[in-house]
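Values in this text are rule-based calculations from the coordinates and carry no lab data. No experiment lies behind these values; they were computed from the predicted model shown. Here the Cβ positions follow ideal geometry from the backbone for every residue, glycine too, while neighbour counts run over all protein chains shown.
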Amino acid sequence: MTRSIQQISLLVGKDLRIEARSRQTVGLVVVLGVLIVVVLGLGLGAQQGGAGLAATAVLWTAYLFSGVLCFEKTMGVERADAALAGLLMAPVDRSVIFFAKLITNLALMLCVASVVTAAGVLFFSFDLSAAPWRFAGIMSLGMIGFAAVGTLFSAVVSSTRLQGGLLALTVFPLALPLVISSTQALLRIFRDGEDMGAQALAVIIAFDVIFLVASWVLFEWVLEP
Amino acid sequence: MKTPGKMVIAIYWALTAGLLGAAVVLALLYAPTEETMGPVQKIFYLHLPSAINTFLAFMTVFIASIGYLVQRKSWWDDLASAAAKTGVFFCSIVLLTGMIWGKIAWGSWWTWSPRLTFSLLLWLLYVVYLLIRSSVDSEQRKGMVSAAYGIVAFLDVPLVYLSARMLPDIHPQSITLAPEMKMTLGFWFLPITLLNAGLIVTMYWVHAKRRANRNVTETEAPRAMNLELLGKGT
Amino acid sequence: MSLAALQSSMEAAVIVAAAPIKTVGLGMAIDGRPILQDITLEIGRGEFAAVLGANGAGKSTLLKVIATLARSTEGTLELFGKTVGRDSAELRRRIGLIAHQSMLYRELTARENLLFFAKLYGIAEPVKRAELLLEVIGLSNRANDPVKSFSRGMVQRVAIARSLLHDPELILADEPFDGLDAPSVAATEQLLRHLHNSGKTILLVNHDISQSLQLASRAVVMRKGRIVIDAAAQSLNASQVLIEVSGA
């Protein structure tokens with residue numbers, strides 16, 4: 001068990017070091033997220049009375065698209081020069097590889113989410129002051145399940161052959177329950193001033209648990225060519 | 001699975017068509033018209049059996065996907081894609097009948113009601129399954145990705161259902177069914193389910209045959225070149 | 001001697017005596033198409049076997065299955081006397097793979113790459129071992145440069161160093177000479193000979209027939225997924241093998 005944790009931190013450290021060295025992923029993904037917020041801001045006529053309760057729509061759109069790009073790039077590091085085969089040859093459990101990648105993805109998504117949310121608050125004058133922690137909590141929880149399926153499918157779906165967008169295609173429909181639940185929860189909190197309600201939270205948590213476990217199990221199966 | 005004789009196939013489809021015809025007659029003539037909603041309610045006889053069969057088809061995709069992942073035998077994959085295509089077909093019917101009902105009963109083609117949203121999301125989930133299959137070139141990859149997605153998508157279905165239920169339902173529907181209506185509804189399940197099974201099996205054979213043909217044609221060409229045809233001094 | 005002691009010494013004897021590679025009726029089919037058929041092979045300790053064959057004969061696939069990177073659909077594979085199943089993490093400790101792709105991280109330096117893998121393999125004193133191997137491959141003075149700045153030959157050297165970090169008993173090499181210039185080819189040949197002389201078992205997949213016959217002690221020729229020749233390298237000559245490989 002300690003060995004696994006050691007290996008996970010070794011792998012995550014390697015990923016973050018590569019990221020720091022190349023700065024490829026974070027920069028691109030953050031900028032994409034901000035761009036999406038800007039496009040939506042312009043398109044929705046933000047601050048001209050058109051945006052209103054568009055907060056979750058804007059943020060989820062930005063998170064989903066930049067998230068998918070993020071997953072593609074972190075797995076792309078392993079695809080180049082078949083580095084993944086090097087990992088598979090080592091005495092490392094496949095689930096260790098999965099969790100390490102998941103943690104890397106979550107860390108990067110956190111950076112992106114912070115910047116994108118800040119941009120949203122700025123451009124749309126979103127008022128999160130009523131319940132900032134509940135907002136952060138709901139979105140972060142949703143991020144976990146999303147990253148789990150994203151990590152799983154980024155290992156199977158290769159976008160190297162002019163088929164960019166395949167990962168997005170795969171992951172988006174799966175993530176829709178997250179969008180619905182978090183939106184409904186946030187509507188209840190911010191628009192109706194109520195408590196978020198057990199159902200939405202239950203769905204998000206169920207999503208996380210089911211997809212964490214499913215991705216963990218399936219990761220090993222899909223890695224065996 | 002060997003292709004059964006042409007006789008059997010013909011009888012099967014004749015039976016299905018006959019039952020479908022009888023079902024339509026029952027729905028139009030035998031079942032009474034519901035008071036509040038009028039004749040459009042009869043679309044329900046098509047809607048509900050299609051919905052159940054959609055679910056059955058997608059469950060088949062789930063099981064076949066697991067089968068493929070565990071056994072790696074290509075017939076699981078053929079079954080999964082056959083069931084997915086059939087499922088999308090029936091899901092389209094569910095979606096369309098739902099929309100028609102909504103338009104006639106309440107005047108708009110679309111509302112984000114729990115039922116319609118659920119149908120739409122389900123439809124999207126499995127249309128994407130088909131799109132993924134057509135986007136991945138390598139046969140082996142295709143099987144793996146489809147199987148993984150087929151499993152995860154089915155696990156997503158209850159979550160989609162639960163989250164769709166959180167949406168506001170402007171037109172809640174509760175239909176009380178008279179005994180004749182129940183009978184008609186029950187009868188409709190026969191042709192629809194036969195259609196479902198028949199389509200899945202037919203598509204399965206089509207896929208299996210296509211795969212067999214493909215394996216025959218992909219071999220390496222003879223290695224030696226015919227250099228003497230270049231002639232002298234080329 | 002107690003029964004337990006007898007049992008464990010027998011186990012030890014089996015482990016010592018077990019052949020590094022033993023396959024019985026190994027087969028692999030993708031989509032119903034057979035890539036490997038009925039491969040029965042035993043590579044003994046210290047042997048240097050070259051696997052030859054045309055493109056698509058199945059040589060690389062066979063190597064991948066033996067490396068536990070791919071799963072066979074039929075037959076059995078035993079490495080060091082243990083059947084390869086789902087959890088072969090410990091078996092992989094005894095295998096080193098050299099492929100034509102480097103399996104390294106471009107953005108990291110040579111030193112960082114080797115250190116990373118050394119720690120991943122749980123090698124005692126990883127820093128020392130990485131430094132030693134950097135010296136062996138003669139890249140100690142370039143160790144802090146990112147791998148992406150290296151020539152193909154240098155990358156190959158780092159890849160070889162990585163495959164030797166954990167001192168594996170079995171070396172698998174898949175077309176290691178691909179894309180190398182003549183001096184690098186000579187250096188890689190020299191390395192393989194050295195490893196062979198140190199008692200390592202080597203399985204080399206290569207398309208250059210005469211080169212392979214010179215290096216290896218045994219030649220296994222494949223055609224269309226089957227083994228057609230399995231003999232001592234000295235007993236064969238290149239043109240004979242070429243005919244077999246091209247198939248009549």
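The simple spin-label model puts a point 7 Å past each Cα toward its Cβ; for C:Leu3 and C:Glu189 those points are separated by 5.8 nm. Residues A:Tyr63, B:Tyr161, B:Tyr204, arranged from fewest to most other Cβ atoms within 10 angstrom of their Cβ, appear as B:Tyr161, B:Tyr204, A:Tyr63. Report summary: the helix-based calculation at 222 nm, which adds -39500 (n - 2.57) for every DSSP H run with n ≥ 4 and divides by the residues of chain C, gives -11500 deg cm²/dmol.
Proximity of backbone amide H atoms, modeled 1.01 Å from N, is registered between C:Ala19 and C:Gly81 at under 5 Å, excluding neighbours fewer than 5 places apart on the same chain.
Give the range of the longest stretch in chain B that excludes all trypsin sites (Lys or Arg not before Pro) found in loop regions by DSSP and having at most 16 other beta-carbon atoms within 10 Å. Of all site-free stretches, the longest is B:74-164. For the stretch C:76-225, the percent of C-alpha pairs falling in each 10 Å distance bin, counted from 0 to the bin holding the largest distance, reads 10, 38, 36, 15, 1. Taking the square roots of 5 times each eigenvalue of the Cα gyration tensor of the protein assembly as shown, largest first, gives ellipsoid semi-axes of 54, 35, 23 Å.
GNM on chain B, alpha-carbon springs under 10 angstrom: the most fluctuating residue among B:Thr33, B:Thr193, B:Thr97 is B:Thr33. Taking a span of 20 Å or more along the helix axis (Cα atoms) and a mean Kyte-Doolittle hydropathy of at least 1.6 as the rule, the DSSP H helices of chain B that qualify are B:6-25.
Can you tell me what share of the DSSP beta bridges in the protein assembly as shown is antiparallel? A percent to the nearest 5 is fine. Walk me through the numbers before you get to the answer.
On the way: 22 of 40 bridges.
The antiparallel fraction comes to roughly 55 percent.
Compute, for the stretch A:59-172, the length of the dipole vector about the Cα centre, with Cβ point charges of +1 (Lys, Arg) and -1 (Asp, Glu) only. Units Debye, rounded to 20. Show your work: numbers first, answer last.
Numbers: 6 positive and 5 negative charges, 19 e Å.
Magnitude of the dipole: close to 100 debye.
Its relative contact order, with pairs defined as Cα atoms under 8 Å and 6+ residues apart, puts the stretch C:99-148 at 54 percent. State whether the stretch B:1-118 is rounded, prolate or oblate according to the following rule on the C-alpha gyration tensor (a ≥ b ≥ c being the square roots of its eigenvalues): a/c under 1.5 gives rounded; otherwise a/b larger than b/c gives prolate, and the remaining case gives oblate. In terms of gyration-tensor shape, oblate.
Reducing the stretch A:73-110 and the stretch B:36-96 to their Cα centroids gives an inter-centroid distance of 35 Å. Listed from fewest to most Cβ neighbours within 10 Å, the set A:Asp93, B:Asp77 follows the order A:Asp93, B:Asp77. Multiplying the residue separation of B:Arg141 and B:Thr193 by 0.36 nm and subtracting their alpha-carbon distance yields 15.5 nm. Report note on the peptides C:178-186, A:108-116: ranked by the mean count of other C-beta atoms within 10 Å, highest first, their order is A:108-116, C:178-186. Between C:Gly75 and C:Gly27, the built amide H atoms are under 5 Å apart, and every one of these is 5 or more places off in sequence or on another chain. Taking θ as phi - 60° and the Karplus parameters 6.51, -1.76 and 1.60, the scalar couplings of the stretch A:118-129 work out to 4, 4, x, 4, 5, 6, 9, 6, 4, 9, 8, 5 Hz in sequence order, x denoting glycine and proline.
Output the peptides A:123-132, B:145-154 sorted from most to least packed, where packing is the average of other Cβ atoms within 10 Å over each peptide's residues.
Working: A:123-132: 14.1, B:145-154: 25.7.
Peptide ranking by packing, descending: B:145-154, A:123-132.
Calculate the tail of P(r) for the stretch B:113-182: the fraction of all Cα-Cα distances greater than 17 Å, expressed in %. That fraction is 57 percent. Taking label points 7 Å from Cα along the Cα-to-Cβ direction, C:Glu74 and A:Leu35 give a separation of 5.2 nm.
Using a simple spin-label model with pseudo-atoms 7 Å out from Cα toward Cβ, C:Arg33 and C:Gln214 lie 3.6 nm apart.
Highest first, please rank the peptides C:19-26, C:199-206 by the mean number of other Cβ atoms sitting within 10 Å of their residues. Mind showing how you got there, number by number?
Values: C:19-26: 19.1, C:199-206: 22.2.
Ranking the peptides C:19-26, C:199-206 by packing returns C:199-206, C:19-26.
Inter-chain Cβ neighbour count for B:135-145, averaged per residue, equals 5 (cutoff 10 Å, partner chain atoms only).
Counting Cβ atoms of other protein chains within 10 Å of each Cβ in A:180-186 and taking the mean gives 4.
The convex hull built on the alpha-carbon positions of chain B has an orientation-averaged projected area of 19.5 nm². Ordered by the number of other Cβ atoms lying within 10 Å of each residue's own Cβ, fewest first, C:Val136, B:Val94 fall into the sequence C:Val136, B:Val94. Rg ratio for the stretch A:80-188: its Cα radius of gyration over 2.2 N^0.38 Å, N being its residue count, equals 1.29. Taken over chain A, the percentage of Cα pairs per 10 Å bin, counting from 0 up to the bin with the maximum distance, is 8, 32, 35, 19, 6, 1.
To the nearest Å, what is the center-to-center distance of the stretch B:143-173 and the stretch A:171-225, using C-alpha atoms only? Computed from Cα coordinates, the inter-centre distance equals 11 Å.
Ignoring lysines fewer than eight residues from B:Lys42 along the same chain, the ones with Cα atoms less than 24 angstrom from its Cα are B:Lys103, B:Lys182.
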